[in-house]
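Q: Sharing a structure here in structure tokens format.
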Amino acid sequence: MAKKRILSGNRPTGRLHLGHLHGALANWVKLQDEYDCFYFAADWHALTTEFERTEIIQPSIREMVMDWLAVGLDPERSVIFVQSAIKEHAELYLLFAMVTPLGWLERVPSYKEYQLQTGRELSTYGFLGYPLLQAADILIYRAHGVPVGEDQVPHIELCREIARRFNSFFGEVFPGPKALLTRVPKVPGTDGRKMSKSYGNAIELCEAPDSITRKLKTMMTDPARKRRNDPGNPEVCPVYDLHKIYSNPEVLQWSAHGCRSAEIGCLDCKGALIPLVIQSLAPVREKRIYFSEHPREIDEILEDGNRRARAFAQETMALVRQAMKI
Ligand code: TRP
Ligand code: SF4
């Protein structure tokens, strides 16, 4: 029986960190068992905000793809490719633009939110069209599912509306893809805020063990535990959030109880966590180093992925042109 197809992508942002791993990548890796997967670097999407420093995009694609491979995306099973290598995405985006009411794009929440959050007035046509390009990315592979985070759900909904509208004008070409939401653990950075490169609080996937140790040793804890004898509350402690990801039930129990009763200190608690994080990243780091020493392999993987993606995209475009009589 043919497997269902899923597709997901990320804007190339350089080296990835634990937030990316537990928020999305671990799930992408698992989905490979069940689906035909397409994973891509959304470099055109990066251009919508980074058009003033485009030179960061190419190196970021390679860094990101190396991290993907290091955590277990398998280029034999999954099609790993770069958006801008498949010009058909742009063609489909243009054709979709003909049937997309402007109001649909203006009401996508991320459009105004980005401008509010960053204080950056981004009134370009490309930025407004961002979710439409995303719809083309998804529908050109006639994907059934799109594993994404909560923040992307409005984009997937728009994609479904576009598919429905296209089909109603031109006949059934596209399935209505669904967002595949997974429960993701909270991954705080070293300062307790959400892990993010821009906050400078991230632990990278290829971070060296001594650097992981240093970062975790100075990581923020329950601020109420000022002294060793003060009891703490693990539920408000970001270190405990990491324990929930890395520790077994016994260690979790030991840490929570020891914290509340002040039987253990924060350094003891962190001391149990640190080797677990280091061990789980060791194989990732090893593979990552291998790929950075074998850059030709990355080229080959992307060439192969681009070729497979393009063949599929071209098939879809043939159906689209036929349906539209162009
Ligand atoms: N918008 C996504 C993000 O910001 C990236 C993306 C572009 C994407 N095209 C996609 C995700 C298609 C899923 C499917 O993370
Ligand atoms: Fe956090 Fe552990 Fe310290 Fe409690 S003992 S505050 S859970 S680091």
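Q: Looking at (1) more than 16 Å from ligand 1 (Cβ to nearest atom); (2) crowded, with 19+ Cβ neighbours inside 10 Å, find the lone condition where residue 280 falls short.
A: (2)
Q: Consider residue 301 against the criteria (1) outside the structural domain of residue 79 (by TED's automatic domain parsing); (2) among the hydrophobic types (A, V, I, L, M, F, W, C); (3) open to solvent by 20 Å² or more (accessible area, probe 1.4 Å): it satisfies all of them except one. Which criterion is unmet?
A: Here residue 301 meets the rest and fails (1).
Q: Being part of a helix (DSSP H, G or I) and within 14 Å of the chain's Cα centre (by Cα) is the filter here; which residues of the range 148-159 pass it?
A: 150, 151, 152, 153
Q: Then there's this: Among the residues of the range 136-147, what is the count of those that are in a loop (DSSP other than H, G, I, E, B) and either out of contact with any helix residue (DSSP H, G or I) (no Cβ under 7 Å at 6 or more places or on another chain) or over 26 Å from residue 39 (Cα atoms) (or both)?
A: Kept after step one, since they are in a loop (DSSP other than H, G, I, E, B), are these residues of the range 136-147: 140-144.
Of the ones still in play, those that are also either out of contact with any helix residue (DSSP H, G or I) (no Cβ under 7 Å at 6 or more places or on another chain) or over 26 Å from residue 39 (Cα atoms) (or both) are 143-144.
Here the count works out to 2.
Q: Here's a follow-up. Residue check, residue 250 against (1) open to solvent by 70 Å² or more (accessible area, probe 1.4 Å); (2) within 10 Å of ligand 2 (Cβ to nearest atom), all met but one. Which one?
A: (2)
Q: Do you know which of the residues in the range 158-184 that are closer than 21 Å to residue 31 by Cα and surrounded by fewer than 18 Cβ atoms within 10 Å (Cβ to Cβ) is nearest to ligand 1 (Cβ to nearest atom)?
A: Once the filter is applied, the top-ranked residue is 180.
Q: Also: State all residues of the range 187-222 that are in contact (Cβ under 8 Å) with a residue 12 or more places away in the chain, open to solvent by 80 Å² or more (accessible area, probe 1.4 Å) and in the same structural domain as residue 274 (by TED's automatic domain parsing); if no residue qualifies, say none.
A: Answer for the range 187-222, where residues must be in contact (Cβ under 8 Å) with a residue 12 or more places away in the chain, open to solvent by 80 Å² or more (accessible area, probe 1.4 Å) and in the same structural domain as residue 274 (by TED's automatic domain parsing): 217, 218.
Q: Could you please find all residues in the range 193-210 being among the aliphatic types (A, V, I, L, M) and in a helix (DSSP H, G or I)?
A: none
Q: Can you find, within the range 28-45, the residue that is most open to solvent (accessible area, probe 1.4 Å) among those that are farther than 18 Å from residue 138 by Cα and in a helix (DSSP H, G or I)?
A: Ranking the candidates gives 30 first.
Q: If you don't mind, another one. Kindly check whether there is at least one residue in the range 160-172 that is assigned to a helix (DSSP H, G or I) and closer than 30 Å to residue 297 by Cβ.
A: Checking the range 160-172: not a single residue is assigned to a helix (DSSP H, G or I) and closer than 30 Å to residue 297 by Cβ.
Residues checked against (1) over 24 Å from residue 23 (Cα atoms); (2) touching a Phe, Trp or Tyr at 6+ places or on another chain (Cβ under 6 Å); (3) modelled with pLDDT under 95:
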{"site": "90", "(1), (2), (3)": "yes, no, no"}
{"site": "97", "(1), (2), (3)": "yes, no, no"}
{"site": "117", "(1), (2), (3)": "no, no, yes"}
{"site": "121", "(1), (2), (3)": "yes, no, yes"}
{"site": "168", "(1), (2), (3)": "yes, no, no"}
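Q: Are there any pairs with C-beta distances below 6 angstrom linking a residue in the range 142-153 that is surrounded by 21 or more Cβ atoms within 10 Å (Cβ to Cβ) to a residue that is of a type in the set (D, E, K, R) and part of a strand (DSSP E or B), with the two at least 6 apart or on different chains, and if so which?
A: Pairs that qualify, where the first residue is surrounded by 21 or more Cβ atoms within 10 Å (Cβ to Cβ) and the partner is of a type in the set (D, E, K, R) and part of a strand (DSSP E or B), are 143/5; 145/178.
Q: Yes or no: residue 264 more than 16 Å from ligand 1 (Cβ to nearest atom), in contact (Cβ under 8 Å) with a residue 24 or more places away in the chain and not small (Gly, Ala, Ser)?
A: Details: more than 16 Å from ligand 1 (Cβ to nearest atom): yes; in contact (Cβ under 8 Å) with a residue 24 or more places away in the chain: no; not small (Gly, Ala, Ser): yes.
Considered against the rule, which asks whether it is more than 16 Å from ligand 1 (Cβ to nearest atom), in contact (Cβ under 8 Å) with a residue 24 or more places away in the chain and not small (Gly, Ala, Ser), residue 264 comes out as no.
Q: I'd like the residue in the range 223-239 that is assigned to a helix (DSSP H, G or I) and buried (at least 20 other Cβ atoms within 10 Å of the Cβ) and, out of all such residues, is farthest from ligand 2 (Cβ to nearest atom).
A: The residue in question is 238.
The values are calculated or read from the model by the stated rules, or taken from the named source; none is laboratory data. Being a predicted model, the structure only gives us computed values, none of them experimental. Every residue, glycine among them, receives a Cβ derived from its backbone with ideal geometry; neighbour counts consider all protein chains shown. Calculation scope for accessible area: heavy atoms of the full protein, side chains included, ligands and nucleic acids excluded. Shrake-Rupley method; radii C 1.70, N 1.55, O 1.52, S 1.80 Å.
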